[in-house]
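The values are calculated or read from the model by the stated rules, or taken from the named source; none is laboratory data. This one's a predicted model, so the numbers in the text were calculated from it and none came from an experiment. Cβ placement follows ideal geometry from the backbone for every residue including glycine, while neighbour counts extend to all protein chains displayed.
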Amino acid sequence: MKLEQKVQYIKGVGPKKSQALARLGIVLVYDLLTYYPRRYEDQSNLRTIAESVPGEEGTVSGVIISVTESCPRRGLKILKALVSDGSAYIQLSWFNQPYLKAKIKTGKKIFATGKIQYAYGGQGQFAMNQIISYEIAETQQEKISYNILPVYGSTEVLTQNFLRKTMEEILSETTEIPEVLPRYVRDRCKLISRDKALRQIHFPTDNESIKEARERLAFEELYLIQCGLLLVKKLQREKKAGIRHLENSRLLEQVQGNIPFTLTPDQKKVWREICADMERKTPMRRLVQGDVGSGKTIIAALGLAKTIENGYQGALMAPTEILASQHFDSFMKLFAGCGIRIGLLSGHLSKKKKELLHEKIAAGEIDLVIGTHALIQEEVHFSALGLVVTDEQHRFGIRQRAKLEEKSRKMPDVLVMTATPIPRTMTLTVYGDLDVSLIQQLPPGRKPVRTFVRSPHKCEQIYRFVRAEIEQGRQAYVVCPLIEISEAVKQRSAQEVFEELSQGIFFDVNCALIHGKLSSKEKERIMLDFYDNKIQLLVATTVIEVGVNVPNASIMVVEGADRFGLAQLHQLRGRIGRGEYASYCVLVAEGKSEVAKERLKIMESTSSGFVLAEEDLKLRGPGQFFGSMQHGLPDLKIADVLQDVELLLKARSAALETMERSEDLGQVREVLALQYKEHFTNITDT
């Protein structure tokens, strides 16, 4: 059986089941083989029903003696089977699964796993009401094929039995699954073959074989993603000639003279790395990670000045109109007297003004263009684009960045900036196609934000303190997790809080409410009014996470703080403490669970976004990390970046080695085409 074969042609699948499989992303035999079990049931040490322990999870095996169906109330149907193995009886119950009537028949043998309880509240007959999985043998003599059963994510149509039998069919019809990892990698890392690993992951003989298979397949997954990212990097550098910038000269000296402070050691180090990249023939692909307020924009400004000094144009893409406008204002001040022509490509421009700006960009009469997604529109053409800077990279997909890069005859240098702290292991995985620089030190004079966790019954005192800050001329944010009242979530909404505060303690203060349901124009107007100090108290949802720089905002109250992730709380906290004033962040939370309390304690104890990102990852798990980064990468099927840090580093090292061996690259590209086509189209289509 070929891995590229469609699943609908496998024996026992057919059109209905193939549609159900497609909804799980399973179209090819390869997709099904890499649909790994979520867990396993060890049925090798079966107890008799009489030996079952109430309150514990267990597996029982016996013959179905009788089947009954009842409907105790509207909307509830219960199917019950009385099972005996000769030692005792147990009652199995399924709720609202009427389709099982055709399968659960008297005289059939059943294996079932679930929580053992007493049927009638106290003692006597055993019951299993929370059935995790079950398997039915067609005859009483038939044995279940495997002692350790794989348990998959299943649906009503795709039962455990169907998935197991289909896996068995594939593996029995496939003589040998082709290898992906080069022999030297397998030998060095002591990994079993791919064929053996896929057979063992689905039908293991013992726990050691599960561990062995999982290690091999997790390594393979991380290795392939690393190879894909490194190939993106390699092909980008090979397909177009890069720009070799000259060493720094007078224009850069002039711009550096306009910077009102001395660069920190971290900023100097990153600037040296960028200069070295830009002075090479190969195009720069660099990510600058730095906490909110660490001074990434200054580094970007120096890079843009360097490309302009060399006769090229620069482009800076920001995620929002308001952030683009703020960058425009900052760059106008920083480049004052340097003769640099700056254009702001904004949605607010009239058609005539926009067309005029497009003409100037195409003619090379604009040196630096700042804008949002408008920069990647088809009608925007650059005369000679030398450097592309994207701000808040996690808001742009890999393809959007590529679109901007394509607007140049020569491959422009690319600088990616993010204030979203990403754990070290994630940076390696998510940004494997970029070189990474870190700015960890804050510029001198930047005051840390003091953070406090308080319970909701302290709200009156908290808002009295906020009022005192406003009376001293400061401004304040109040952030809520919900826009409107929700019956499902017992949490104060932004609308409720706004009405309560604007009509209560802040009745004589200019208050405003901002949230995601407002139009872009309305949001922008409110943020500009807040920036101009026409609004003193801004009640908001997380729409302010990436917002304008308001140096006068010195206090933030986050209601329902336990409903936010640590990284998100840190981003929100970064909206304040941007001026000369002492700043305070108050996290209001019930803190009922120990995990919630622990998370908020970490917020109180550290202001480092990188420490918080690592802790957040530990507490919440990686989840669908890649999807949330909007980087265009798939989520991991079997690897876990927390558990598999060592494997990730080994996989990265092996992938780097593979890049140097052309004979291994062909094999890797074939697998990438099969497994990750839509994620690495520029590799597989080359």
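Annotations for the structure displayed:
- Count - residues of region 587-599 that are buried (at least 23 other Cβ atoms within 10 Å of the Cβ) and within 24 Å of GLN475 (Cβ to Cβ): 2
- The condition of being modelled with pLDDT of 90 or more and surrounded by fewer than 20 Cβ atoms within 10 Å (Cβ to Cβ) does not hold for GLU487.
- Tally, over region 1-41, of residues that are surrounded by 15 or more Cβ atoms within 10 Å (Cβ to Cβ), under 23 Å from ARG216 (Cα atoms) and touching a helix residue (DSSP H, G or I) at 6+ places or on another chain (Cβ under 9 Å): 14
- Test: GLU57 is closer than 30 Å to SER209 by Cβ and outside the structural domain of THR166 (by TED's automatic domain parsing): yes
- The sole residue among LEU636, LEU674, LEU649 that is of a type outside the set (Ser, Thr, Tyr), in contact with a strand residue (DSSP E or B) (Cβ under 8 Å, 6 or more places away or on another chain) and at pLDDT 75 or above is LEU674.
Okay, residues lined up against (1) at pLDDT 90 or above; (2) in the same structural domain as TYR36 (by TED's automatic domain parsing); (3) charged (D, E, K, R); (4) more than 16 Å from VAL668 (Cβ to Cβ):
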{"site": "LYS196", "(1), (2), (3), (4)": "yes, no, yes, yes"}
{"site": "GLN200", "(1), (2), (3), (4)": "yes, no, no, yes"}
{"site": "ALA213", "(1), (2), (3), (4)": "yes, no, no, yes"}
{"site": "TYR223", "(1), (2), (3), (4)": "yes, no, no, no"}
{"site": "CYS227", "(1), (2), (3), (4)": "no, no, no, no"}
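- Between ILE177, ILE225, the distinction of being within 19 Å of LEU672 (Cα to Cα), assigned to a loop (DSSP other than H, G, I, E, B), touching a Leu at 6+ places or on another chain (Cβ under 9 Å) and not polar (S, T, N, Q) belongs to ILE177 only.
- If only residues of region 250-261 that are in a helix (DSSP H, G or I) and touching a residue at least 60 places away in the same chain (Cβ under 8 Å) are counted, the one that is surrounded by the most Cβ atoms within 10 Å (Cβ to Cβ) is VAL255.
- Restricting THR205, THR174 to those that are surrounded by fewer than 20 Cβ atoms within 10 Å (Cβ to Cβ), modelled with pLDDT under 90, more than 29 Å from GLN8 (Cβ to Cβ) and of a type in the set (Ser, Thr, Tyr) reduces the list to THR205.
- Scanning region 78-104 for residues that are free of Cβ contacts under 8 Å to residues at least 40 places away in the same chain and assigned to a strand (DSSP E or B) turns up ILE78, LEU79, LYS80, ALA81, LEU82, VAL83, SER84, GLN91, SER93, TRP94, PHE95.
- Output for region 512-526, where each listed residue is among the hydrophobic types (A, V, I, L, M, F, W, C) and over 20 Å from HIS570 (Cα atoms): ALA512, LEU513, LEU518, ILE526
- Qualifying residue in region 262-277 (condition: surrounded by 14 or more Cβ atoms within 10 Å (Cβ to Cβ), without any contact (Cβ under 8 Å) to a residue 40 or more places away in the chain and part of a helix (DSSP H, G or I)): yes
- Within region 105-157, restricting attention to residues that are surrounded by 15 or more Cβ atoms within 10 Å (Cβ to Cβ), of a type in the set (Phe, Trp, Tyr) and not in a strand (DSSP E or B), the residue that is modelled with the highest pLDDT is TYR152.
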